[in-house]
Structures are given as C-alpha cells and as structure tokens.
C-alpha cells in the first residue's frame, strides 16, 4: 500500500522538543525542578522513606496533590516525513475502524497519537522511550518516540515502512480492545 495520496490524521500531537511551559511535577502550589526530584529520589532510597515525603519536605508543603502536566500539543513540522507517514498510517487505521464499528452498529472513537522524545507525562504515569511504543487507556492515547523506528531497523532487524506501520496499528489495536471492554 502506498501512502503518497493518503490523507493525514488530525489526531497527532507532537511533544518532541517541547520544553517550555509544560512537563514537570507540580506539588501543591509550586513547581519542582528535575534536580530537586533527583535529590528526593536519592535521599528516599538511602533513608528508606517514601519519595513524596522527601519532596514535601523540600517544597515546604504539607500533603499536596500531585499533578503531571503535558506540554502543549503541536502539529509536527510539514517537512517531517516520518511524522507525516505516522499520521497517514493513523488515518488509515481510523478509516478502517470507523467502517468496522459502523458495520456492527457502533461508533468508533479515534485515539490521539503522541510523538515524544525521552519522557512524557501520560494518564498512566510517566512514559519513557525505553518502554517502547505503548497505549494508555487512561487518556486513550498511543505514545511513540520515533527513535523506536531506528531500533526496529538496527536492533530488531525489521527495516521499512511495513514494520513501522505494524507498530502503530498494533497500539491502535489496544485502543480498540479498550473501547470494546476486552483489554487485558
């Protein structure tokens, strides 16, 4: 299947390279930097106490609510060919699942696909590149660091667009399982 003339999905969020105004841990009313969080994790390890207790002490607050914020969603750059490919594969899954659900008297709810680099907040906790692509039922989003495609080629010896499209379709499959109530 050629994707040259395929439509692109509107459900793609690009969080790569987004450092301003998002991502981070908010405890109570203040933001904590990565250094503070790292110190809290190391201290909690050696002291044998909950890291949140250390963070509370460092931030000078009581028992605050924890909030993870995502960077603002962006569209990928128009000249990013890999992101355009991902968007077209996602659009293809949307078209296919809309038709399949409609044929069974149901309505398909499209997932968002988030491109990220390194780490990103999700409704399922912090997503990391080391986890590989994943689906989070809490926010109904598929997450992928495009570095994984390089790993597919070099580490797993699965080069080419078919392997990449398979990964995206597989994660969307988890979304479909979630919608149908059969997710494990």
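The values are calculated or read from the model by the stated rules, or taken from the named source; none is laboratory data. Just so it is clear, the structure is predicted and the values come from calculations on it, not from any experiment. As a convention, Cβ positions derive from the backbone with ideal geometry for all residues, glycine included, and neighbour counts pool all protein chains shown.
Observations
- Qualifying residue in the stretch 68-86 (condition: out of contact with any helix residue (DSSP H, G or I) (no Cβ under 8 Å at 6 or more places or on another chain), at pLDDT below 95 and part of a strand (DSSP E or B)): yes
- For residue 97: the one exception among (1) exposed (fewer than 15 other Cβ atoms within 10 Å of the Cβ); (2) more than 17 Å from the chain's Cα centre (by Cα); (3) modelled with pLDDT of 95 or more; (4) not in a loop (DSSP other than H, G, I, E, B): (1)
Conditions tested, residue by residue: (1) without any contact (Cβ under 8 Å) to a residue 60 or more places away in the chain; (2) over 13 Å from the mean Cα position of the chain (by Cα); (3) more than 18 Å from residue 113 (Cα to Cα); (4) outside the structural domain of residue 84 (by TED's automatic domain parsing).
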residue	(1), (2), (3), (4)
135	yes, no, no, no
139	yes, no, no, no
144	yes, no, no, no
155	yes, yes, yes, no
158	yes, yes, yes, no
164	no, yes, no, no
169	no, yes, no, no
172	no, no, no, no
176	no, yes, no, no
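- The condition of being modelled with pLDDT of 95 or more, outside any helix (DSSP H, G or I) and surrounded by 12 or more Cβ atoms within 10 Å (Cβ to Cβ) holds for residue 142.
- Flag if residue 130 is under 23 Å from residue 183 (Cβ atoms), in a helix (DSSP H, G or I) and more than 10 Å from the chain's Cα centre (by Cα): yes
- Residue match in the stretch 148-167 (condition: in contact with a helix residue (DSSP H, G or I) (Cβ under 9 Å, 6 or more places away or on another chain) and on the phi > 0 side of the Ramachandran plot): yes
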